[in-house]
1. Looking for whichever is surrounded by fewer than 16 Cβ atoms within 10 Å (Cβ to Cβ) and at negative phi here; the options are 4, 27, 18. Which one fits?
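The values are calculated or read from the model by the stated rules, or taken from the named source; none is laboratory data. Computed from a prediction, not measured in an experiment: that's the story for all the values here. Because the Cβ atoms are built from the backbone with ideal geometry, glycine has one as well, and the counts that use them run over all protein chains shown.
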Amino acid sequence: MEYAGIGGFILLVLNIWAIVSIIGSGASTGSKVLWTLLVLILPLVGFIIWLIAGPRGQQRVA
């Protein structure tokens, strides 16, 4: 079984999720661009940094 292929696919899905969350956040346009570039240029490290410190998506109030 190809573990590298599965890991790469999981990272791709997580990065797409991060980019969608970045775009849906309430951050400024410049901030969104910088976060998106970080996730695209450094996929694993960028995702981890975004997960810890990145802008959050819009929260729906119940």
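1. Selected residue: 4, the only one of 4, 27, 18 that is surrounded by fewer than 16 Cβ atoms within 10 Å (Cβ to Cβ) and at negative phi.
Rundown of residues vs (1) β-branched (Val, Ile, Thr); (2) assigned to a loop (DSSP other than H, G, I, E, B); (3) modelled with pLDDT of 90 or more, yes/no style:
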| position | (1), (2), (3) |
| --- | --- |
| 4 | no, no, no |
| 11 | no, no, yes |
| 16 | yes, no, yes |
| 27 | no, yes, no |
| 30 | no, no, yes |
| 37 | no, no, yes |
